[in-house]
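Worksheet: one structure, shown below.
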Amino acid sequence: MVDKNKPWFKLYDKGVPYSVIYPPLSIKQMFNSCAEKHPDRDYLIINDMSLPYGLVNMMARKAANALITLGVKKGDRVAIMAPNVPQYVIAFQACAKLGAIVVPINPLAAGPEVHHYVRDSGAETVIVLAAFAKGPIDVLKASQKSGDTPLRTVITFQVPSVTSEVESGPGIHDFNEIVGAASDSEPDTDIRGADVLMLQYTGGTTGLSKGCVLTNDNLVSIAYQENYWMAPLIDKDEPLRCLAAVPIYHIYGFNMNVNANHISGGTIIMVPQPSVDNVLEAINKHEPNLFPAVPAMIIGLNQHPDIATSKVGSVKAVVSGSAPLPLEAMKTFEELSGALIFEGYGMSETSNIVTANPLFTVRKPGGVGIPFPDNDVRIVDLEDPDKDMPLGEPGELLCKGPTVMREYWNNPAETEKTFRDGWLLTGDIAVMDPDGHIFIVDRKKDMILSSGFNVYPREIDELMYTHPKVLQACSFGIPDPKRGESLKLTLVLKPGEEMTVEEVREFCKSNLSGYKVPVQVAFLTELPVTSVGKPDRKKLRQLELDGLLT
């Protein structure tokens, strides 16, 4: 039963429901329905190649039957390691057809990381772009000798732009060969909503990465929520044309590109190497109407010399996630494109977006909006999750709803620590205003205690983004013999700009309490970033510990 007194409901855009009726479908059924209704509509586009729904569905059926021939059955885990290329989506849809559980892996993952994902998930099969096959093949060979992991099959594929030599041997197969020889009949596996479809591994910033158990119901729910949220801008009768520049092995890239299209039967425009030049080229060639992005992409496009003469005006909606988007960058891109940008917040544990800014009612730059339909949130005391915080006071953000994961894979201890009476403890510190808008202050793990005061690095970062000379900012805690911890700030300046440490500190002093002012400042040519373009605090901390930041 929906509590219609929630403060955020009054800010919902016209046509967005408080609650959604989710059809009792699996992702397999939704994709098959799209292919039956629109067999000739473009589904996947990459560079100058277009693959229609009917063709991709046939290829996915063949891939599913190839996997079955290799012994894969419902419930088995199949890892996929690839950038945004058609084979990733074909492999995903093949797994959905036979009920195998997809384990997305960053193709740049190092050997030990691949070993952890395979061992923890119990994956017996890895499908991988040939250029990144060495790690999985090394794990396969080690497993064949020692049985350390269950991995017994590595399937490699090539793409025209990057061809690589692949080691041959037992358990190593070529994707095109096994798919080409397989039947194109639809697997008759019965898939239910409660069946697990994906193990989405967390970033592992607080230790070993954990597998978030996401069911068909989770992913169907988030697909409908996202489509209803965008409906006021992109009509339901207008198919989505998504620019897939954010990696689809990441939960954000997957849901806003692959999964969102399970509703409308839209098109996915794939950008395997998301440089600013490649993103703009894809916009000019294929004119997307939806652009899921990260701030670095938006900032880069704003500064591109050809943006004013491009076809960026085709974009109607931009979703910005993974890091705060500076207000200046938001305004600039909206003026250049005519699009509306809405920021959102989510995590692997919630199948993607939990809250987002409305498109037309009240957008609050710097905030992450209000809860999606059927989602609920609370702000609780950092030490006592049973105690709700007053409006405007920081605390840990808790959420619940149909997109929240079932559990961590084979990890009851971590699952128990992450849930409290049905509420997911996000680990993020946030405040809620009287309208129900959420503002993320920082991660609990990133908060530092300096001379007894809580310091939130994100607050300092957001301040520095307002400085006209600053392009990127990321701060973090370092040991301090007097304070316990103090703040170090790393900056990347805009081209041609110069800045001194004292200038930075004076700017902070004029805008922050003294205990929040960075003790150290380092100027870098670039910041290390995560796979979705977010400044990598963990990597910066490690560089500091190694003495490589001055």
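The values are calculated or read from the model by the stated rules, or taken from the named source; none is laboratory data. None of these values were measured; they are calculated from a predicted model. Note that we place each Cβ from the backbone using ideal geometry, even for glycine, and neighbour counts take in every protein chain shown. Please note that ligands, DNA and RNA were not included when accessible areas were found on the heavy atoms of the full protein model with its side chains. Shrake-Rupley method; radii C 1.70, N 1.55, O 1.52, S 1.80 Å.
Before moving on, here are some points about what is shown:
- Both radii were evaluated on the Cα set of the chain; the Rg over Rh quotient, with Rh as the Kirkwood radius, amounts to 0.96.
- The chain, dipole about Cα centre (Lys/Arg Cβ +1, Asp/Glu Cβ -1), debye to the nearest 20: 380 debye
- The orientation-averaged projection of the convex hull spanning the C-alpha atoms of region 179-266 amounts to 8.5 square nanometres.
- Shape call, region 364-496: gyration tensor on alpha carbons, a/c limit 1.5: prolate
- Derived value for region 206-253: Kirkwood hydrodynamic radius 13.2 Å. Basis is the mean of 1/r over every pair of different alpha-carbon atoms.
- Each 10 Å bin from zero holds the following percent of Cα-Cα pairs in region 367-444: 19, 51, 26, 3.
- For region 226-258, backbone nitrogen atoms closer than 14 Å to the point 7 Å from Ser161 Cα along Cα-to-C-beta are found at 244-248.
- Residue-averaged 222 nm ellipticity for the chain, from DSSP H runs of 4+ at -39500 (n - 2.57), nearest 500: -8500 deg cm²/dmol
- Longest to shortest principal axis, alpha-carbon extents of region 1-146, angstrom: 60, 38, 31
- Ratio of Rg to Rh for region 247-339: 0.93 [Cα atoms; Kirkwood radius as inverse mean 1/r over pairs].
- Between Glu343 and Ser320, Asn357, the built amide H atoms are under 5 Å apart, and every one of these is 5 or more places off in sequence or on another chain.
- Quarter of the Cα convex hull surface for region 1-43, i.e. its orientation-mean projected area (nm²): 5.0 nm²
- Beta bridge orientation in region 304-396: antiparallel %, DSSP, nearest 5: 65 percent
- Ordered from largest to smallest accessible area (heavy atoms of protein chains, 1.4 Å probe), the residues Leu487, Leu548 come out as Leu548, Leu487.
- Where region 232-290 is the region considered: accessible area per residue in Å², 1.4 Å probe: 30 Å²
- Projected over all directions and averaged, the alpha-carbon convex hull of region 117-258 occupies 12.1 nm².
- Heavy-atom surface of region 438-550, accessible at 1.4 Å and reported per residue (Å²): 49 Å²
- Region 1-25 and region 85-126 have Cα centres separated by 34 Å.
- Between 0 and 90°, nearest 10: helix 111-121 axis offset from the chain longest Cα axis: 70 degrees
- Hz values of 3J(HN,Hα) by residue in region 23-38 - Karplus curve (6.51, -1.76, 1.60), Gly and Pro given as x: x, x, 10, 9, 4, 4, 5, 5, 5, 4, 5, 4, 5, 6, 6, 10
- Working note: Debye formula, equal point scatterers on the alpha-carbon atoms of region 418-550, no solvent; log10 I(q)/I(0) at q = 0.09, 0.13, 0.15, 0.18 Å⁻¹ is -0.29, -0.59, -0.77, -1.08.
- Pairwise centroid distance, computed over Cα atoms, of region 302-334 with region 35-72, Å: 32 Å
- Base-10 log of normalised Debye intensity for region 78-117 (one unit scatterer per alpha-carbon) at q = 0.23 Å⁻¹: -0.74
- Per-residue Karplus couplings for region 197-202, computed as 6.51 cos²θ - 1.76 cosθ + 1.60 with θ equal to phi - 60°, are listed in order as 10, 8, 10, 8, 7, 6 Hz, Gly and Pro entered as x.
- Carbon/sulfur fraction of accessible area - the chain, other protein chains in place, 1.4 Å, %: 52 percent
- Annotation: for a label point projected 7 angstrom from Cα along Cα→Cβ of Glu497, residues of region 317-341 with backbone N closer than 18 Å are 324-333.
- For Val154, the shell of other residues with beta-carbons less than 12 Å away shows a net charge of -1, using +1 for Lys and Arg and -1 for Asp and Glu.
- Accessible surface of Lys400 - all protein chains present, 1.4 Å probe, nearest 10 Å²: 80 Å²
- Pairwise centroid distance, computed over Cα atoms, of region 219-261 with region 532-550, Å: 32 Å
- Solvent-accessible surface of region 5-101, taken per residue with a 1.4 Å probe and all protein chains present: 38 Å².
- With Cα atoms, 0 to 90° folded angle of helix 216-230 axis to the chain main axis: 60 degrees
- When Rg and the Kirkwood radius Rh are both evaluated on Cα atoms of region 305-405, their ratio Rg/Rh stands at 1.07.
- Rounded to whole Hz, the Karplus (6.51, -1.76, 1.60) HN-Hα couplings of region 316-325, x for glycine and proline: 9, 9, 10, 9, 10, x, 5, 6, x, 9
- Pairwise FRET efficiency - Ile21 versus Lys469, Cβ, R0 = 60 Å, nearest 0.05: 0.70
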